[in-house]
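Only one structure is covered here, and it is reproduced in the block below.
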Amino acid sequence: MGTHVDAPYHYGLGDKRVGALDLDAFVGPCVVVDAIGEKELHAGVLRGVDLTRSPRVLFRTQHASDPERFHRDFPVLTRGAVDALAKARVKLVGIDTPSVDPPDDKDLPIHHALGRAGIVNVENLWLDRTEPGTYELLAAPVRWVDMDAAPIRALLRT
């Protein structure tokens, strides 16, 4: 499992596949939010973060930083966080864990909530050496037009 984007088709929210994703969501200002130690990523984690200047938000949890082992108890986004992100018109959410939903939840409610809000989700980022703050994100997915997901090589520039 490497860094990847899930298109809405991946989680059963319409027929939009990777080739139909708006590339604008993947390039531009972003903010890395310090969420280390959080058991879940709730709206309170965003307190003090200026989302008006950074329409892309990456959560650094450092929970799944061992690529040799799958961690099942990683923090996931809450509906409250999704609502706050949607209200701020965020375009992209990234996380350094395998999913925005719990690993055993086959209904994928957070994937659906993000998709309904028009927010692209990127999972399994490598943010271990990244300090919280503002950056420019360069993270276009591989052009697998008809696929439901695609790998990404995410870069942050100061």
Can you tell which of PRO151, PRO141 is within 21 Å of GLY19 (Cα to Cα) and in contact with a His (Cβ under 6 Å, 6 or more places away or on another chain)?
PRO151
For the stretch 133-158, enumerate the residues that are open to solvent by 60 Å² or more (accessible area, probe 1.4 Å), within 17 Å of the chain's Cα centre (by Cα) and more than 13 Å from PHE26 (Cα to Cα).
THR134
Please name all residue pairs, on different chains or six or more residues apart, with Cβ atoms under 8 Å, provided the first residue is in the stretch 1-26 and is over 24 Å from LEU127 (Cβ atoms) and crowded, with 18+ Cβ neighbours inside 10 Å and the second residue is of a type in the set (Phe, Trp, Tyr) and at pLDDT below 75.
ARG17/TYR9
Only one of ALA43, ALA35 is open to solvent by less than 80 Å² (accessible area, probe 1.4 Å), in contact with a Phe, Trp or Tyr (Cβ under 6 Å, 6 or more places away or on another chain) and at pLDDT below 95. Can you tell me which?
ALA35
Return yes or no: is ARG116 in contact (Cβ under 8 Å) with a residue 12 or more places away in the chain and closer than 22 Å to VAL18 by Cβ?
yes
For residues that are modelled with pLDDT of 90 or more and of a type in the set (D, E, K, R), scanning just the stretch 101-132, find the one that is most open to solvent (accessible area, probe 1.4 Å).
ARG116
Any residue at all in the stretch 80-93 that is in contact with a Phe, Trp or Tyr (Cβ under 8 Å, 6 or more places away or on another chain), at pLDDT 90 or above and closer than 23 Å to ILE36 by Cα?
yes
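The values are calculated or read from the model by the stated rules, or taken from the named source; none is laboratory data. Here the structure is a predicted model, which means the values were calculated and not measured. All Cβ positions, even for glycine, are placed from backbone atoms using ideal geometry, and neighbour counts span all protein chains on display. Quick note on the areas: whole protein, heavy atoms, side chains included, nothing else; ligands and nucleic acids left out. Shrake-Rupley method; radii C 1.70, N 1.55, O 1.52, S 1.80 Å.
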